[in-house]
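Peer 1: Just passing along the structure, written as structure tokens.
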Amino acid sequence: MTLLREAIGESLRRARVAQSRTLREVSTSARVSLGYLSEVERGRKEASSELLAAICTALDVPLSQVLFDVSAAMADADKATALAGEKASALAGERASANVAKLPAKGMAKVSAKVTPKGGDGDVALAADGTFGPRIVIPAPKPDRLVLVAAK
């Protein structure tokens, strides 16, 4: 997931580099410390709207253009994330089906192949080697079958 401050920093850096300007030139013109401008560009600091306006003025780039670029970049990142999630879900479903088919039938209480790829509580677990495998669900005993033992 792309953070807003990172996307803003990337947009500002692209604008500055496209103009062949140094951090020092822009920081002097915007009346912002060089270190702070550097951190904003690297997405380490959240810039206030006043600071963004000063940097955009120093770069002679409208703030609306920076925000538009940031919006487009974040939309592209969201689409890429959604596409990757769909592919992971399809792959997880294929692997879960294959792994369920390999399990022995005897002694299994219940095996489910429900897939939740984004870390939710599903019935398919991600193994250490990156493969998906089924999680065996053993129902809790019914209350009428519980045996209480007194501690001594």
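The values are calculated or read from the model by the stated rules, or taken from the named source; none is laboratory data. Nothing here was measured: the structure is a model prediction, and the numbers come from that model. Note: ideal-geometry Cβ built from the backbone for every residue, glycine included; neighbour counts use all protein chains shown. Surface accessibility is based on the protein's heavy atoms, side chains included, excluding ligands, DNA and RNA. Shrake-Rupley method; radii C 1.70, N 1.55, O 1.52, S 1.80 Å.
Peer 1: Filter the range 1-17 down to residues that are loosely packed, with under 15 Cβ neighbours inside 10 Å and either at pLDDT 95 or above or touching a Cys at 6+ places or on another chain (Cβ under 7 Å) (or both), then give me how many there are. Before the answer, list the steps.
Peer 2: Step one: of the range 1-17, the residues loosely packed, with under 15 Cβ neighbours inside 10 Å are 1, 3-4, 17.
Now drop any that are not either at pLDDT 95 or above or touching a Cys at 6+ places or on another chain (Cβ under 7 Å) (or both), which leaves 17.
Counting residues in the range 1-17 that are loosely packed, with under 15 Cβ neighbours inside 10 Å and either at pLDDT 95 or above or touching a Cys at 6+ places or on another chain (Cβ under 7 Å) (or both) gives 1.
Peer 1: Also: When only residues in the range 19-59 that are free of Cβ contacts under 8 Å to residues at least 12 places away in the same chain and either closer than 21 Å to residue 77 by Cβ or part of a loop (DSSP other than H, G, I, E, B) (or both) count, which is most open to solvent (accessible area, probe 1.4 Å)?
Peer 2: 20
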